[in-house]
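Written out below as structure tokens is the structure these notes cover.
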Amino acid sequence: MRQSSALDILKTGQNVFLTGSAGSGKTYTLNQYIDYLRARRVPVAVTASTGIAATHMNGTTIHSWSGIGIKDELSDRDLANLSRKQFLADRLKDTAVLIIDEISMLHAKQLNLVSQVLKYVRKNDKAFGGIQVVVAGDFFQLPPIGSKGETNREKFAFMSEAWLEAKFHICYLSEQHRQVSEAANGGLDLDDILNQIRRQEVSFEAIAALEATFDQNVDIKRTRLYTHNLNVNKINDKELAALDGEMMRFEATATGDSKLVETLKKTVRTQDDLVLKVGAKVMFIKNNSELGVSNGTMGELIGFAAVKIDDKDTSADLIEDDEENAESATAKGTKSKAKKDKESKEKPKDKKPTTQKMPVVRLNSGREVIAEIEEWIIEDETGDVLASYQQVPLCLAWAITIHKSQGMTLEAAEIDLSRTFELGQGYVALSRLKSLAGLQLLGMNDMSLQLDPLARGADKRFLALSEEADANYAMLDEESMTQAHEKFILKSGGTLSKSVIEAYANLQKKRREQQQAQIEKKQKLGNQVSDKSDSTLLATRLLLEESLSIAEISQARQLSQSTIMRHIAELKSQDPSLACDHLRPNDEVMTAVGNAYVAIRVANNPNDFNDDGSIKLRPIFEHLRQAIDYNTIRLALIFITP
């Protein structure tokens, strides 16, 4: 099925499973549909099965969005408690379309729970509470993590009751947008080989073509993919030790619930104690639209630049490289325990910005950027941070595991499948590449090209159902299709106003132009990266002056809503006349939050304050004793605090 046909089906409001081989454009098609819905003001929730996958979609995890957390089952009491959480209940009731990316990595039990919660909160016994659900992914990717002894039949989402009840229309994308054709050169396409693996009909010619890459010289910037962490760590440690360049150590900072912190650490592809040297091959592990990098962007570390670190934020701004002003060669969060203990006892007060040395990376494209400290968080349904993990978003990348390569696109890779231990590992590794020209395959075993039989059987069925759906929708004339699309928009509380749709398109165009301008400016400056703080605040201010909501600005900037509110707070402190009155909560909320703010200030309990002197949200929330969610409190404080 073509992407355009899949979009037509999506727009009818039917539940859809969007699938296809690696590089077929699943994420692109989802983004097209998300833009279509947002332009028409249809409430859409963008989620994914894992934190890493969520960053690709600028969304959140389905576990956090739905409130199910890490549970495998929910009692009646659990459901009642969830429904009483106003912030969560409003979110589930207001959503018209739910998108879940990387569905293959979501356990069947958890998909059942999502449907169960939506039914209960929305008081609707239809699948997923009657909203449109769009799931996307490829079940030939590695399966979800389950309990010991569980089979894939028990784990795969398509075996769940919720899946059957939803009656998904299948859209199996057939176009290829990652692999490059090599047929013109008389060779065998990588796309052909991958399709043979998907059919489990791998020819001798395909095996010979793969084995022939053993002696192939690939780009020196290649990525090495291995099945086991032991091999990866050994290679990275050896390569790092061989470098004579300047060395820096960056220690992570973690706060919150210890179990949730451990969950974050398993999701994040970096180390608590990250050691880097000039000359190291590194990979970014988080999307950053400001820098123009994404999860999987590769490069070489070429030096360290002194940066200004504002304690109120985790952003970094380039300053003059002044050794006298620079702190030690450790990253934020590496102060001695004695110093931290001393600071925690002091009365809250504003802190002056400090300076540190941060990695400068020359990307494979030739651009040079500074790797800024990033934060990964787990929030509860009220938006309160339960766990936080901060670290430089880099990992050594001479070698990575195949598991961690999922979702990446690689120009060149050295792959060793000789110790394959899981069905689908070989397919995942090979499908990261664009062509055989970028592959050096060091070895295979009998399991390397095998896929899970259950996934294979399901895939055959999905393909047949997709062809059937494609044929059925092709019989509809253009007028009937348009009517179906418009009917769903109106049913979902959206708008068909051309002026609203055009305004959204102009906003998206402006956002793209701003991002491109920022990237071009940084390219011209080379090592001297422009002041990120000023540029990012200006971008938020421009959108604010258009009277956009925080949610709309968040989407336009591709930043979290809490980050946007932090921008607004800083802008308002700089300019009290800032045009943001359209965001001001009602008088009742302002009065309640204001009274709580004054009471906590007067009490002056050090435990109620952050290190920068600002009041923590939880004390205010507890003082109010009423249903004002954390984000509304954050917003009210912007108008209260001087």
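Things worth noting here:
- Sorted on the mean count of surrounding Cβ atoms within 10 Å across their residues, most packed first, peptides 244-255, 207-218 read 244-255, 207-218.
- The trypsin sites (Lys or Arg not before Pro) of region 375-458 that DSSP puts in a loop, and whose beta carbon has at most 16 other beta carbons within 10 Å, are 419.
- Entries in 155/616; 11/93; 119/510; 109/234; 491/572 that, when Cα-Cα distance is taken, lie over 32 Å: 155/616; 119/510; 109/234; 491/572
- Under-5 Å amide H pairs with residue 443, H placed in peptide plane, nonlocal only: 417, 418
- With every protein chain in place, region 573-642: carbon and sulfur % of accessible area (1.4 Å): 48 percent
- Taking amide hydrogens as placed 1.01 Å from N in the peptide plane, the amide H of residue 433 sits under 5 Å from those of 410, each at least 5 positions away in sequence or on another chain.
- Ranked by the mean number of other Cβ atoms within 10 Å of their residues, highest first, the peptides 224-231, 385-392 come out as 385-392, 224-231.
- Computed FRET value (nearest 0.05) for residue 579 with residue 604, which takes r as the C-beta separation and R₀ as 30 Å: 0.30
The values are calculated or read from the model by the stated rules, or taken from the named source; none is laboratory data. In this text the structure is predicted, and so the values were computed from the model without any measurement. All Cβ positions, glycine included, derive from the backbone under ideal geometry; neighbour counts span all protein chains shown. In case anyone asks, the SASA skips ligands and DNA or RNA and just uses the protein heavy atoms, side chains included. Shrake-Rupley method; radii C 1.70, N 1.55, O 1.52, S 1.80 Å.
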